[in-house]
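Everything below concerns the one structure shown next.
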Amino acid sequence: MTYQIPPPVPHFVGRRREQALAATAVAERDGESRPLLFALSALGGTGKTELAFRLARTLRPRHPDGVLYVDLDDLRRGGVVEIGDALGDLLGSLGVEPDWLKPSFKARCKQYWTKTEGKSLVIVVDNARYAAEVVPLLPASGDSVVIATSHGPLYDLDNGAAIDLALPPLDPPDAMELLRSIAGDARLDAEPEATDRLIRLCCGLPAALHVAGRWIRKHRRSRLPRLIDELTDELHGKGIPMVEVLWDAAYRGLGPEAALLYRMLPSIPGTSFTPEAATAILGRGRDAADRALEELETAGLLDTRDVSDTGDDRKRLPELLRAHARRRADDSTEEERAEWRLRMVRWLLRQAQRADRYAAGTRMTFADPVEPVAGAPDVRFEDEEGAAPGAAPDATVGKERAFRWLETERHALYDCVDLAYARGYDTEAAAFGEPLWTHYLDHPHYADGIEAFRTALAAAQRAGHIPLTVRLRCQLARPLWKRGEFAEAERELARALTAARSLGESDRYRKLGASVVEFHGMLRSARGDWAAAAADFEASREVHRAIGNEYGVMLQTYRLGEAIAELGQLDRAAELLAEAHTLARRLGRARLTARVGFALGGVLHRLGRRGAAHELYTAALESARERGADHDETGILDALAQLAEEEGRAAEARGHRAEARVIRQRNGLV
């Protein structure tokens, strides 16, 4: 069972009314067709996310199919959430592989309904702003529960579809209990008047009470009335909420390195960060960063619970604290803040480029590699510990870690493109497009990809980097045509081809031009114009052959063979695919060898050469299973089933179809 809720916090009090209402609502449900939705709304700092987690833990035994979590702020770009990507994340949590994700929003909705129908799930949707962001994420099962948190009521939910739980501040007894449990200090009972003043100043906000309790623990030698007098004077002088005053007090109590890191943290893109990122932006080594992070945690200025299930000791700076840290960043000059931002952008770009090399291997790139950033160690992708003495690290492990890093850091990387472009770091903004392409191919988030490639393209144009503009136009075209926006994709590729022709006749630029022609052929294939696609693949192949690029020749021969097969020219298609199959095997490209072999098997099958087709299908099936490629496996099973039926092996055909059906159902497809 998937379980994505963090462990309980050590201090939680109150909210008995809300928990009782939720328990009653769940107990009274009987055969409902729609999932139960709890809408938790409250101001920031009231503890609504923690209450949502608590409810989810309580409901877990009644909902055996999983407890899922999605934070919409992680997916928010310019205030807008692409709900299709949120659906993609939830489908991934439910076991759907990236290859199976449908490209359109409507298709993903249907896939989500299919995957959740009949399931008993608890889903926490954090930081919603509108009901329209929540409704598409409701599962299809009436036996499921959704807990949505928001700053204000979700007014546009259908009447009766949700139970509103508006969280007030904690009442004084609960606030006192929480403060006492955090501080663990006898002064609170010994000086009740001062304690009452502190409770009133915290306004019943758990966020304020947590900081106040930690602050009291830190100043054990001071008399409580004097400490509270200082805070009260500041509150009256500034006229700002108590929680801000407490954070200011906690900030002033930090050492120089921790205070500096706190001011720097908002410059790290994304909603969470790793200790490596903190080390990179501080620039004083890992030990200094670890000390500063520990001090921030002790002061209550950091959330160290990792709700992302990434296993990389990820930290979070909640929204209110992030805003406070931005205000405290005014203690530094604009030049210093600009230096932090650029440092972070370059470090992240360097790691993304390194991950790209591990994940995709040697390929044609045009952005200059970023040099090491002083005081900022690189993320380790190699499996140095697992390697034998004197042996090279396991490349497979490095590749897996690189792909995982790109997916884990995707929010930061996509945000970094916008940040770099807005600040005029055009070289860096454009360069992010190359590693993000590798990530896109493995995890096709269409909206994020389109936005990032457009921004990177604008940066490359502003920087006058023509080869990168060519590459980025091709990258932008693919998610566009995947979403059915064929005309715009056609325009981007036409511009890319014009720009490529202006670059000259070096082998490198001819290879880039051949790549543009290949993309054009792929677009025409997607539109069903196989004759035009075949002409493009043929032209691209000839360029690769002229410059001696065997891999390019092999790939274009494969694509050409598929297009020719679609045109019904089976004998020629068989020749082309056999040539591509031999080349792929000689180049050691296991995945492509299997895919080309399967395509060749399909053509031979249509030519009546069933024995040869069966041999190729079987080899492709073994390869797909070794790689865990479910998507490839189902297509091969379908082909084997058809072949078995034609040869009178009905039981074998039923077995293949049953296996394929299980995989499709597992990925939310009928």
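I need a count of the residues in region 399-450 that are among the small types (Gly, Ala, Ser) and within 15 Å of the chain's Cα centre (by Cα).
Here the count works out to 4.
Show the residue pairs that are 6+ apart or on different chains and have beta-carbon atoms under 7 Å apart, the first residue being within region 654-670 and among the polar types (S, T, N, Q), the second being surrounded by 13 or more Cβ atoms within 10 Å (Cβ to Cβ) and assigned to a helix (DSSP H, G or I).
Close Cβ pairs (under 7 Å, with a partner that is surrounded by 13 or more Cβ atoms within 10 Å (Cβ to Cβ) and assigned to a helix (DSSP H, G or I)) amount to 667/100; 667/630.
Any idea how many residues of region 639-656 are touching a helix residue (DSSP H, G or I) at 6+ places or on another chain (Cβ under 6 Å) and surrounded by fewer than 18 Cβ atoms within 10 Å (Cβ to Cβ)?
2
Please specify each residue of region 164-174 satisfying the condition of being in contact (Cβ under 8 Å) with a residue 40 or more places away in the chain and in contact with a helix residue (DSSP H, G or I) (Cβ under 7 Å, 6 or more places away or on another chain).
The answer is 165, 167, 170.
Taking residue 490 and the conditions (1) at pLDDT 95 or above; (2) over 21 Å from residue 445 (Cα atoms), which numbered condition does it fall short on, given that it satisfies the others?
For residue 490, the failing item is (2).
Which residues, taken from region 175-187, are modelled with pLDDT of 80 or more and not basic (Lys, Arg)?
175, 176, 177, 178, 179, 181, 182, 183, 184
Examine region 410-418 for a residue that is surrounded by fewer than 23 Cβ atoms within 10 Å (Cβ to Cβ), out of contact with any Ser or Thr (no Cβ under 7 Å at 6 or more places or on another chain), closer than 27 Å to residue 73 by Cβ and without any contact (Cβ under 8 Å) to a residue 24 or more places away in the chain, and state whether such a residue exists.
no
Considering region 197-252 alone, what residues qualify as being among the charged types (D, E, K, R) and modelled with pLDDT under 75?
Here is the first cut: in region 197-252, the ones among the charged types (D, E, K, R) are 197, 200, 214, 217-218, 220-221, 223, 226, 229-230, 233-234, 238, 244, 248, 252.
Result: 218, 220, 221, 223, 226, 229, 230, 233, 234, 238, 244.
Look through 337, 343, 322 and report the one residue that is at pLDDT 80 or above, in a helix (DSSP H, G or I), surrounded by fewer than 17 Cβ atoms within 10 Å (Cβ to Cβ) and in contact with a helix residue (DSSP H, G or I) (Cβ under 9 Å, 6 or more places away or on another chain).
Being at pLDDT 80 or above, in a helix (DSSP H, G or I), surrounded by fewer than 17 Cβ atoms within 10 Å (Cβ to Cβ) and in contact with a helix residue (DSSP H, G or I) (Cβ under 9 Å, 6 or more places away or on another chain) holds for just one of 337, 343, 322, which is 322.
Checking residue 365 against (1) farther than 30 Å from residue 551 by Cα; (2) modelled with pLDDT of 90 or more; (3) hydroxyl-bearing (Ser, Thr, Tyr), only one condition comes out false. Which one?
(1)
Just give me the residues in region 502-512 being under 32 Å from the mean Cα position of the chain (by Cα) and free of Cβ contacts under 8 Å to residues at least 40 places away in the same chain, in sequence order.
none
So for region 509-517 (the condition being farther than 30 Å from residue 426 by Cβ, in a helix (DSSP H, G or I) and charged (D, E, K, R)), does at least one residue qualify?
Checking region 509-517: not a single residue is farther than 30 Å from residue 426 by Cβ, in a helix (DSSP H, G or I) and charged (D, E, K, R).
Go through region 67-179 and tell me which strands (runs of 3 or more DSSP E), entirely inside it, have 1 or more residues that are crowded, with 21+ Cβ neighbours inside 10 Å, within 22 Å of the chain's Cα centre (by Cα) and among the hydroxyl-bearing types (Ser, Thr, Tyr). Outline the logic, then answer.
Working: elements: 67-71, 122-128, 145-150, 162-166.
It comes to 67-71, 145-150.
Can you pull out the residues in region 421-435 that are modelled with pLDDT of 95 or more and either crowded, with 24+ Cβ neighbours inside 10 Å or among the charged types (D, E, K, R) (or both)?
426, 428, 429, 430, 431, 432, 433, 434, 435
List the residue pairs whose Cβ atoms are under 8 Å apart, where the first residue sits in region 282-293 and is more than 16 Å from residue 379 (Cα to Cα), the second is of a type in the set (A, V, I, L, M) and at pLDDT below 90, and the two are 6 or more positions apart or on different chains.
293/302
Run down 38, 53 and say which single residue is assigned to a strand (DSSP E or B), modelled with pLDDT of 90 or more and not hydroxyl-bearing (Ser, Thr, Tyr).
Criteria check complete, one pass: 38.
The values are calculated or read from the model by the stated rules, or taken from the named source; none is laboratory data. Predicted, not measured: the structure shown is a model, and the values here were computed from it. Ideal geometry is used to build each Cβ from the backbone, glycine not excepted, and the neighbour counts take in all protein chains shown.
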